[in-house]
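Below is one structure, written out as structure tokens; comments come after it.
The values are calculated or read from the model by the stated rules, or taken from the named source; none is laboratory data. Computed from a prediction, not measured in an experiment: that's the story for all the values here. Glycine also receives a Cβ, built like all others from the backbone with ideal geometry; neighbour counts cover every protein chain displayed. Keep in mind that these areas ignore ligands, DNA and RNA; they rest on the heavy atoms of the full protein, side chains included. Shrake-Rupley method; radii C 1.70, N 1.55, O 1.52, S 1.80 Å.
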Amino acid sequence: MAESFLTRKGTLLLKQMMQLPPDFPGLKAELARGIYAAEDITRAAIQYLDNCSEEQAAAGGRHMPLGSPERHSTYVFELIQLLLQYGLEPNGIYDDCNVLWELQFVDNGYVAADTLALLLEHGGKVNLELEGGELFSDLDFSVMLDAFNQEDRQRYDGLVHLWFVCLGYGGTPKNGTAAVETFRGFDLRNLRDHRRFTFGLSWVPGRGENWSLHIFDRETLWEVARL
């Protein structure tokens, strides 16, 4: 992301956001001054997420556990929750960048999926278009592409849970076909609570592929949907 991406005020805001751990009371007091426009806040959030997506590489090969207090991404949900109170635009697109899209590159367990659900609850568009693509369709493609070529199982798990959230908020493929087959009257809106569900892969044909992704209710272990 170019250095010129941030506004002057956005640069000041990001500097405070990047404290580790974040000083949430101090950040809230700064935002409450009312000097930051929605664009300043949204650009700073996008840059923050971009920084989070690179933190593991920046660790120089040192493994950073999921949820570690040393990771900026651990605080993404709380940070975005605060910024929403002061004008963060879930659908704001600046220089072809957007917070919803940036979340798919944040690798820290279910933090990204939790935050995506939060943004969609606050008016985010599950099929938001960006550079000729759509958010759900892009995630849907990634889930299918990476299914049997996973370099990192934990990363793929986080990606699938982002996809769960999108399904829960009405995400549909560009061709208008059903994204998944559901069973026993399952309502896809239940996937908004994505942590209630898990998945498995098999060689059972589905949706034009020679394999399927099966979605299970964690508590009952019933299969509720299938890609």
Exercise. Would you work out if the range 1-155 is rounded, prolate or oblate? Take a ≥ b ≥ c from the square roots of the eigenvalues of the alpha-carbon gyration tensor; rounded if a/c is under 1.5, else prolate when a/b is larger than b/c, oblate otherwise.
Key: oblate
Quiz item: Any idea how far the Cα center of the range 74-130 sits from the one of the range 1-37, in Å?
Solution: 16 Å
Practice problem: Taking every pair of Cα atoms in the range 141-213, average 1/r, invert it to obtain the Kirkwood radius, and report Rg/Rh to two decimals. | Solution: 0.94
Exercise. Compute the distance in nm between two label points, each set 7 Å from the Cα along the Cα-to-Cβ direction, one at Lys15 and one at Glu54.
Key: 1.9 nm
Quiz item: Is the shape of the range 72-191 rounded, prolate or oblate, going by the alpha carbon gyration tensor and its root eigenvalues a ≥ b ≥ c, with a/c under 1.5 for rounded and a/b larger than b/c for prolate?
Solution: rounded
Practice problem: Between Gly176, Gly124, Gly206, find the one with the highest GNM mean-square fluctuation for the chain; connect C-alpha pairs within less than 10 Å. | Solution: Gly176
Quiz prompt | Rounded percent of accessible protein surface that carbon and sulfur make up, the chain, 1.4 Å probe | solution = 50 percent
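Using the heavy atoms of the protein chains and a 1.4 angstrom probe, tell me the accessible area per residue for the chain in square angstrom. The partial results should precede the final answer.
Values: 11040 Å² over 227 residues.
Result: 49 Å² of accessible area for each residue.
Order Val204, Val76 by their accessible area, 1.4 angstrom probe, all chains in place, largest first. Working shown, then result.
Details: Val204 65, Val76 0 Å².
These residues rank, largest area first, as Val204, Val76.
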